[in-house]
Structure formats: C-alpha cells, structure tokens
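Here is the structure we will look at.
Values in this text are rule-based calculations from the coordinates and carry no lab data. Keep in mind it's a predicted model, so treat the numbers as computed, not measured. For neighbour counting, all protein chains shown are included, and Cβ atoms are generated from backbone atoms with ideal geometry for every residue, glycine included.
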Amino acid sequence: MTSPRLPPQLLRLVLLTLAIIGTYSVARVFLTPATFGQFGHYRGAALEEAASRPPVYAGAKACDECHGDTFAQLTKARHRSVSCEACHGPNRPHVKNPDIVPAKLTDRHCVRCHLADAARPAKHRQINLTEHYPNEKCLECHVAHQPNQSK
Amino acid sequence: MNSSCSRRRWLGWLGSGLGWLAALPAAKAAKSTVKNLLTSSGAPKGYDPTKHQWLMCIDVDRCIGCGLCVDACKIENKVSASPHYFRTWIERYLIRKPKPGQLALRGEVTVDSPNGGRDGFPPTLVPKSEILKAFYVPKLCNLCEHSPCSQACPVGATFDTPDGAVLVDPEYCIGCGFCIQACPYGCRFMNPDTHTAEKCTLCYHRITRGLKPACVEVCPTQTRIFGDLKNMTEKDPVQEFIRNNKVFTLKPNLGTEPRVLYANIDKEVR
C-alpha cells in the first residue's frame, strides 16, 4: 500500500510558515489598538480623546439661562452679533458657580473693536481716540448692551 | 517512520491552527472591554462622527481685526502663549497705490500679523493717501478634502475624521515635522511641550457637544460662519453665505479642496 507521503522537509517548512503566520497574527491583535480601523486607517479612540477635554467658553446660550433679560436687551441692539463672552471673557466657571464673578471690563475692550484703522471695513463704526471725547470713559455715555442708546 | 507524517497528525496540526485563528476575535473583544473599563473618557455620549460634515465660511469683508478669535483659540485650546504658535491667526493686508509713473494696477503689498493679531492691531502707520486698499484675513486649518498633511505623515498620526476635521493623534505622532512642511497654508506647528504636531481641531471638544468653535463663538461680526453640510437647516447661514457671496478657497491650484470657504478675497491673499 502506498500512502500519499509528504516529504519531511516540506512538512517542516509548512509547519514553520504556519507558526510564523500564527505568531504574527496573534502579536498583531495585541499590538494594534482596539479601535484601529473603526473609522479609517487610524486609532478611532483618538476622536474620543480629542472630544473629551472640557470646553472653556460656555457659549451665549448658557448665559441666556440666567441673564435672559440682558440677552433680550442685547439682541435688540446693534451689539446683537457680539457674543456675551466676546466682551466678558470665557466664563464657564461662572456658569457653574455664579459666585465666581466675571472680571470687570475696562474701556480697552471697546477700543479694541472700535478704534479706527484703514483695514477695517468702512461700514463698521469706528472712532478716533483723540477726537471722540478723549478723557472720558466710554460707559459714561454709552450703554454697553445697547450701544445705540446714550445715557 | 510513516506515522510521523500521517494524515491524522497533519489534520490535527491544521485543526489547532484554525482554533487559534478562531480565538482571535474573542481575544480582541476581551482586550477592548478591559481597555474601556480602565479608561473612562469625558467625551460626550451620543455623538456620531459619521452623521456630520463640518465646514467654515469666512467673509473677509466683515472682519474688523479685533483678534478676539485668536485670543479665544489660545485660551480654549491652551495653545502655548508665545507668539510663534497659532491655530488661527489674522493677517492684515495693505495694498498701496502704484507709484507715480509705475505701470501697474496695484503697488506694494505688505502683510503684518503682530502676535497673530491676538492683542488687536495697532492702527497702521501708512498714511491713508498711500493706501489703495487694506483688509484683514483670518486664517486657520483649511480642512482639506485631500489633505497634504495626512498624506505626508509617515506613521498615520494625522487623519481626516468622518465629520470633516483633520486631527493629530498625539500618541502616534513621532514629531518628525513632515506635516508642518507639507501644509501649504502654514497651519501646523510643533507643540513646544509635547514635541508633537499641533493644529486646529475645529474645537473638536466643543462641536461634539453642540457648541460652536471658540473663534466662531466670540467673532463679533459673523465673519466666521460654522455649519454642518449633513444637517442643513432651512435658511442655513452657510447656504445664505454661498448665495450672497462670490466664494473662493485658498490656493485652489493645489487641488486640496479646502472646506474653509472664503468670500471676497483678493488675488494677493495666499
């Protein structure tokens, strides 16, 4: 009887190849991050990590919850496109705990947006500091939330 | 002698090999559950990146150069304060009148960006009579459809997310700096502390929570409009922007197909 015979050296070769492939695939499972390939050729968890940081700016909607009247006042006036935190600064701590009061504002922040410069669009309201009531505070005459009204 | 390589033995080996292969998915699942148990991230739940496609529109005619966006970006993302590192910044373009006798439509072009515009711009010293025109241009990652930076990355640390952001995986980044060279818009830099590449993430931690990116939040003139292609509302600001303006992208000849759209830019802007 002649049973089909594999040459022993071929068998060793086959076994060796299988062992290499086996080790490779086992190692690959343990070395590639679990979420690799979830969305593409990268670590899917990186998206979640990028998203996990807490925001610093709370967003105007958050202010509306408690300062609804100011919000309504603002949206009726020319500063309607200016977000609360553009003037008052990042205020998430204050939203979480109103006892942490936002910093007081100085005239400098009005000037930042309204100082005349050739590169500013002509339709934007601009002032010349030397001509526009130099020695007085902006808020003595203007209402911050309703700039088209004067005091 | 014959027995050592009998068919039975041979099949046995094959069977155990297949058994190992079948165990792989189980091992994978076990590993990911262990990992999930060990790390609980503060990421918002229920955000599906495949259901969004973010984009940004910038109306150059509206920018007043107040620099609040630059300031907000640095604060929000804790970007290094020194004046070389910006995820977004503002440039002031100044185009002079051609000199008398000079046969040209426009004169010299100067661009400045003191501290990226973070503290606002001091009024220009060039007298008004010499200026043909001047304007501000906010710059940020152009969110390329075909991003050269992610193609240049040798380790796959930079990638395009399904929702349109281009992110860097700091765990994979080896800090080689190829992406910084590859970005035609100069939007990347090396984080001086971690020595990994850093860039605008479109405030990924904000947009996944339904907030606007910090720069858009504080922009006082709606120069920056942020939108979602996959969730267009009726009268969407993005659609209005495209309806009302001539829309361009930066360096269109490079074929990067940016998803940051600019309205009303001059050919001097690059």
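Across the residues of A:89-95, average count of Cβ atoms on other protein chains within 10 Å? Intermediate values should be presented prior to the final figure.
Working: counts 5, 7, 0, 0, 0, 0, 0.
Per-residue shielding by partner chains comes out at 2.
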*Please arrange A:H142, A:H109 by counting, for each residue, the other beta carbons lying within 10 Å of its beta carbon, fewest first.*
A:H142, A:H109
*Calculate how steeply helix A:8-31 sits against the longest principal axis of the alpha-carbon atoms of chain A, using the helix alpha-carbon long axis, and give the answer as 0 to 90 degrees to the nearest 10.*
20
*Please go through the residue pairs B:K97/B:K267; A:K61/B:K74; B:K78/B:K199; B:K51/B:K74; B:K78/B:K212 and name each one whose alpha carbons sit more than 20 Å apart in this structure.*
A:K61/B:K74; B:K51/B:K74
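In peptide B:217-225, how many Cβ atoms from other protein chains are near each Cβ within 10 Å, on average? Please report the intermediate quantities before stating the final value.
Details: counts 10, 10, 4, 9, 7, 2, 2, 0, 0.
Shielding by partners across B:217-225 averages 5.
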*Could you work out the helix-only [θ] at 222 nm for chain B, with each DSSP H run of four or more residues adding -39,500 (n - 2.57) and the total divided by the number of residues, to the nearest 500 deg cm²/dmol?*
-7500 deg cm²/dmol
*How long, wide and thick is segment B:69-118, going by the Cα atoms along their three principal axes, in whole angstroms, largest first?*
50, 16, 11
_Relative counts (whole %) of C-alpha pair distances in chain B, using bins that are 5 Å wide_ = 1, 5, 10, 13, 15, 14, 11, 7, 5, 4, 3, 2, 2, 2, 2, 1, 1, 1, 0, 0, 0
*asked:* Below 11 angstrom from the Cβ of B:T223, what's the summed charge of the other residues (Lys, Arg +1; Asp, Glu -1)?
replied: 0
_the protein assembly as shown: C-alpha gyration tensor shape, a/c 1.5 cut-off, then a/b vs b/c_ = prolate
*Top of A:P54, A:P121, A:P90 by mean-square fluctuation, Gaussian network on chain A, Cα under 10 Å*: A:P121
_For a quick check, take a GNM of chain A with Cα springs below 10 Å and name the residue from A:T23, A:T130, A:T32 with the largest mean-square fluctuation._
A:T23
_Using the crude model of +1 on Lys and Arg Cβ and -1 on Asp and Glu Cβ, and no other charge, please compute the dipole size for chain B relative to its Cα centre, in debye to 20._
600
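Applying a 10 Å radius around every beta-carbon, put B:121-131, B:64-74, A:55-65 in order of their mean neighbour count, most first.
Details: B:121-131: 12.2, B:64-74: 25.5, A:55-65: 18.5.
Packing proxy ranking, top to bottom: B:64-74, A:55-65, B:121-131.
Sort largest first and round to whole Å: the equivalent ellipsoid semi-axes of segment A:60-150, each the square root of five times a Cα gyration tensor eigenvalue. Intermediate results must be reported in sequence, preceding the final value.
Details: eigenvalues 136, 43, 33 Å².
After diagonalising the Cα gyration tensor, the semi-axes are 26, 15, 13 Å.
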_With a 10 Å cut-off between alpha carbons and a GNM built on chain B, which of B:L140, B:L202, B:L24 moves the most?_
B:L24
_Place a point 7 Å from the Cα of A:H67 along the Cα-to-Cβ direction; which residues of segment A:103-143 have their backbone N under 11 Å from it?_
A:103-105
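In deg cm²/dmol and to the nearest 500, what is the mean residue ellipticity at 222 nm of chain A if only DSSP H runs of at least 4 residues count, each as -39500 (n - 2.57), divided by the residue total?
Details: 8 runs with 68 residues, N = 151.
The helix-only estimate for chain A comes to -12500 deg cm²/dmol at 222 nm.
By the gyration tensor of its Cα atoms, with a ≥ b ≥ c the square roots of the eigenvalues, what is the shape of segment B:73-162: rounded for a/c under 1.5, prolate for a/b over b/c, or oblate? Walk me through the numbers on the way to the answer.
Numbers: a/c = 3.69, a/b = 1.81, b/c = 2.04.
It comes out oblate by the Cα gyration axes.
Using +1 on the beta carbon of Lys and Arg, -1 on that of Asp and Glu, and nothing else charged, what's the dipole of segment A:60-150 about the Cα centre, debye to 20?
Values: 13 positive and 10 negative charges, 62 e Å.
Using only the charged Cβ atoms, the result is roughly 300 debye.
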*Peptide A:53-62: average number of partner chain Cβ atoms within 10 Å per residue?*
6
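Roughly how many debye, to the nearest 20, is the charge dipole of the protein assembly as shown about its Cα centre, given +1 on each Lys and Arg Cβ, -1 on each Asp and Glu Cβ, and no other charges? Before the final figure, lay out each step's value.
Values: 54 positive and 37 negative charges, 221 e Å.
Magnitude of the dipole: close to 1060 debye.
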